[in-house]
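Presented below is the structure to which this report refers.
The values are calculated or read from the model by the stated rules, or taken from the named source; none is laboratory data. Just so we're clear, the structure is a prediction, and the values are computed from it rather than from any experiment. Counting neighbours? That spans all protein chains shown, and the Cβs are built from the backbone with ideal geometry, glycine included. Protein only, heavy atoms only, side chains kept; ligands, DNA and RNA dropped before computing areas. Shrake-Rupley method; radii C 1.70, N 1.55, O 1.52, S 1.80 Å.
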Amino acid sequence: MIAGVCAGLAQRWGWKPSTVRLLFLLSCLLPGPQFVVYLVLWVIMPDRGF
């Protein structure tokens, strides 16, 4: 909802945005660079007006 990254990924794969957001939040419980990946996607994904 902040940058439209999850909504953009959901549209790309034909999923619901809420599902992608939930998966992202659950992935944050695991160790790894999820927040960094989110920031990189925020920068490189084109703005489509979500």
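Taking all Cα-Cα distances within the chain, those exceeding 16 Å account for 37%. The 1.4 Å probe gives accessible areas that order LEU23, LEU39, largest first, as LEU23, LEU39. Surface analysis of the chain yields an accessible area of 82 Å² per residue, using protein heavy atoms and a 1.4 Å probe. Annotation for the chain: trypsin sites (Lys or Arg not before Pro) lying in DSSP loop with at most 14 further Cβ atoms inside 10 Å of their Cβ are ARG48. Of the solvent-accessible surface of the chain, computed with a 1.4 Å probe over protein heavy atoms with every protein chain present, carbon and sulfur atoms account for 70 percent.
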